[in-house]
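In what follows, a structure is listed as structure tokens, so that the remarks can point back to it.
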Amino acid sequence: SLEKIDEIGLVNMPLLYERWTLIQIILVLKDVFRFIPLDDWKYKIIDAIKTNVEGIDLHLFNQKAKRYITIWYEKKLPNNRKPDFILDLVWYEEHDTENTNKKSKRFVLDAKFYEKGTFIREGGMIFKINELYEYKNYSENRENPVFLIHPCKHLIDQRVTAQEWGNHSFLGETVSHDKGAVFLNPIDRNLYNDELQRLLGMFLQ
């Protein structure tokens, strides 16, 4: 129904879902993992919506854990591909008291406002995951984990884990945890942030 509304032109639902997802990423990092966003983060999101500027950067930090995250919204990779979200994590080991040995990792997320039929027409969930990871090379030659975010509750036909979340999300269990897809839906209030929290927690660990 939401896709039909989008076709009528009342509202751009994929874009709305994409920006809602950005806010959820920030809220999970802030409320669950105790990252503190810089004071200007709300203004930057508003500017991104008003001006459609690419490459918006939002900064969060957890001083106690010695972790610092930059969230990029629609930033171009060196290959000119443009995923929805890039999370650049910098951290220092606990014994590195002077913070001299910087470590870093990149995490790429892409929001797809698809229903199950759309996934089927596009070749299926695994095809879309591999398209982002390999063909579009969001992984930057297998260096970055790449995950698709979607609102389709019944996407998983054959679950590969006995865990309850296996009904809705795929974290790459059969091969690795470098690529997959997670369920994120504003209507399913009991589930929607659990899946995102699990994904971001896996990345941070």
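Where a number appears in this text, it was derived from the coordinates with a stated rule and is not lab data. Source: prediction; values computed, not measured. All Cβ positions, even for glycine, are placed from backbone atoms using ideal geometry, and neighbour counts span all protein chains on display.
For the reader, a short list of remarks on this structure follows.
- Peptide packing for 137-143, 180-186, 22-28 was compared via the average number of neighbouring C-beta atoms within 10 Å per residue; ordered from the highest value, the list is 180-186, 22-28, 137-143.
- Estimated distance in nm for a label pair at LEU38 and GLU94, the labels positioned 7 Å out from Cα along Cα-to-Cβ: 2.9 nm
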